[in-house]
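Each reported figure results from applying straightforward, stated rules to the coordinates on display, with no laboratory input. In this text the structure is predicted, and so the values were computed from the model without any measurement. Positions of Cβ are backbone-derived with ideal geometry, glycine not excepted, and every protein chain shown enters the neighbour counts.
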Amino acid sequence: MTTQVELKRGLKDVYLDRTTVSFIDGEMGKLLYRGYDIHDLAEKSTFEEVIYLLLNGKLPTRTELRGLESFMAANRAIPQQVLQVIDIVKTAHPMDVLRTAVSALSAFDSDVADNSPEAIKRKGIRLAGQAATAVAAHYRIRQGLRPVLPHETLGHASNFLYMMFGKEPTQDEAKLMDVDFVLHAEHSTNASAFAARVTASTLSDLHSAIVSGIGTLKGPLHGGAAEAVMSMAHDIGKPENAPTYLRNMLDHGGRVMGFGHRVYKTEDPRARHLRERARTLGQQRGHPEWFQILQAVESGMVPYQRRGIWVNVDFYAGAIYHLLNIPDDLFVPIFALGRVPGWAVQVLEQYENNQIIRPLLQYVGPMNLPYVPIEQRH
Ligand code: ACO
């Protein structure tokens with residue numbers, strides 16, 4: 001007989017621990033990093049400043065920020081051997097290549113086994129820089145182009161676009177990328193951060209935890225949604241097709257990608273910044289159609305707001321990447337690039353007060369079966 005236990009499928013509404021990193025109010029649509037409102041950070045801060053804030057719990061002074069920026073600049077390049085690994089696996093999905101590259105980077109990081117707070121911070125910053133270099137290098141290698149070495153003076157977001165396309169981005173393009181990284185930097189114990197925490201909870205190392213995070217982020221229910229949104233926009237083709245498309249999908253129990261969230265039961269506060277930027281960028285580039293299609297989908301989904309299904313951060317991100325000439329299969333890796341500091345700080349916090357994470361599964365299968373020798377099985 002099965003004993004009665006209370007199952008928390010998907011660990012919904014389960015508090016795992018306390019945190020001082022992110023505050024999320026899913027009813028009010030509020031997100032704070034270390035106490036600072038995401039709207040202020042998106043409008044006034046930079047990704048480098050947010051990395052410092054997340055890892056150190058305070059905004060940097062000018063000198064502290066310069067220190068982080070020069071450490072990143074000095075550590076952005078990746079070893080030749082890792083470029084060779086990327087070349088070997090170049091036909092795989094860019095997310096698989098990134099996961100492999102981070103794993104390979106661990107072989108060349110002298111801090112790899114050091115789980116002290118200072119080493120985690122160093123590795124977190126280093127990996128935030130190197131991961132962008134790896135994604136950009138793969139983008140070029142798979143096209144038969146030579147990787148572009150990191151620029152010595154450009155900031156992180158500019159550097160990423162520079163290493164991808166081989167030319168310095170405009171200020172507007174760099175700002176877009178930077179805001180996108182800021183918005184994706186951290187989000188409490190989402191599935192990939194939880195995966196990173198589980199790995200860290202065994203006292204494994206940061207590279208392993210980030211590899212777990214990347215593997216978990218890849219799925220379409222998490223980071224993969226931006227890619228799926230853009231493929232939906234292509235399928236819809238024009239705004240007037242959106243209502244029929246949505247009806248067909250929802251009547252058959254399908255899910256509209258870029259909608260719904262485990263925590264937000266109102267609009268994801270990050271979506272606002274990407275919506276406005278997708279609109280402006282579409283107009284500037286002479287391609288307002290993507291924004292119009294997405295707007296039509298958003299309008300068609302209004303009735304679902306009553307059920308707490310609202311637009312999430314991934315909905316407008318894909319349109320922005322597309323308009324920046326970034327191919328669809330790089331959308332999730334870009335999310336990962338923004339999230340590296342978030343994974344690092346979650347691991348840092350896990351180590352501070354560690355307990356191995358090991359929930360239970362209630363067994364409901366058969367019991368005490370007689371073992372049948374192989375020759376008697378049919
Ligand atoms: N479209 C249509 N219906 C939806 C959607 C959606 N996008 N999201 C949730 N629902 C419905 C479900 O069908 C379910 O309905 P039911 O109660 O009638 O069965 C109800 O809302 C609750 O959904 P759950 O899956 O139980 O909610 P959960 O919190 O487990 O899932 C998730 C959250 C995975 C994000 C979900 O909303 C989803 O699949 N969204 C689409 C994928 C997506 O955009 N992911 C990105 C999330 S943001 C991020 O990771 C950065």
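Worth pointing out:
- Per-residue Cβ neighbour rank within 10 angstrom, fewest leading, Asp251, Asp109: Asp251, Asp109
- For region 10-16, 3J(HN,Hα) computed residue by residue from phi via the Karplus equation (6.51, -1.76, 1.60; θ = phi - 60°) reads x, 6, 4, 6, 9, 8, 8 Hz, glycine and proline entered as x.
- Each helix, a run of at least 4 DSSP H residues, gives -39500 (n - 2.57); summed and divided by the residues of the chain, these come to -17000 deg cm²/dmol at 222 nm.
- Residues of type lysines that Lys121 reaches as a straight line, Cα spacing below 16 Å, ignoring anything fewer than 8 places off in the same chain: Lys58
- Residues whose amide H falls under 5 Å from that of Ser22, counting only those 5 or more places apart or on a different chain, are Arg34, Ser188, with hydrogens built in the peptide plane.
- FRET efficiency for Ala77 and Asn354, using Cβ-Cβ distance with R0 set to 41 Å, rounded to 0.05: 0.80
- Under the Karplus curve 6.51 cos²θ - 1.76 cosθ + 1.60, θ = phi - 60°, whole-Hz ³J(HN,Hα) for region 347-364, x wherever Gly or Pro sits: 5, 4, 5, 4, 5, 4, 8, 6, 9, 4, 8, 8, x, 10, 10, 7, 6, 10
- Distance between region 238-258 and region 15-64 - C-alpha centres, whole angstrom: 35
- Peptide packing for 340-348, 275-283, 299-307 was compared via the average number of neighbouring C-beta atoms within 10 Å per residue; ordered from the highest value, the list is 340-348, 275-283, 299-307.
- Amide H partners (placed H, <5 Å) of Lys30, local residues excluded: Asp25
- The protection proxy used here, the mean number of other Cβ atoms lying within 10 Å of each residue, ranks peptides 5-13, 179-187, 133-141 as follows, highest first: 179-187, 133-141, 5-13.
- Amide H contacts under 5 Å for Arg255, placed H, 5+ residues apart: none
- The chain: C-alpha gyration tensor shape, a/c 1.5 cut-off, then a/b vs b/c: rounded
- Across region 33-39, rounded Karplus estimates of 3J(HN,Hα) from the backbone phi angles (6.51 cos²θ - 1.76 cosθ + 1.60, θ = phi - 60°) give 9, 6, x, 9, 5, 4, 5 Hz, Gly and Pro being marked x.
- Rough spin-label spacing in nm, given labels placed 7 Å along Cα→Cβ, for Arg66 and His378: 8.4
- Cα pair distances of region 225-323 binned at 10 Å [whole percent]: 17, 53, 27, 3
- With the highest mean first, a sort of the peptides 110-122, 59-71 on other beta-carbon atoms found within 10 angstrom per residue produces 110-122, 59-71.
- Gyration tensor (alpha-carbon) shape descriptor, region 290-334, a/c threshold 1.5: oblate
- Dipole of the chain, positive end: most advanced residue of Gln376, Ala131, Leu54 [Cβ charges, Cα centre]: Gln376
- Among Gly215, Gly338, Gly253: highest mean-square fluctuation, GNM of the chain, C-alpha pairs under 10 Å: Gly253
- Net charge dipole, the chain: roughly 360 debye, given to the nearest 20, about the Cα centre with Cβ charges of +1 for Lys and Arg and -1 for Asp and Glu.
- Length-normalised contact order of the chain in % [C-alpha pairs under 8 Å, at least 6 apart]: 22
- Multiplying the residue separation of Asn325 and Lys44 by 0.36 nm and removing their Cα-Cα distance gives an extension gain of 98.6 nm.
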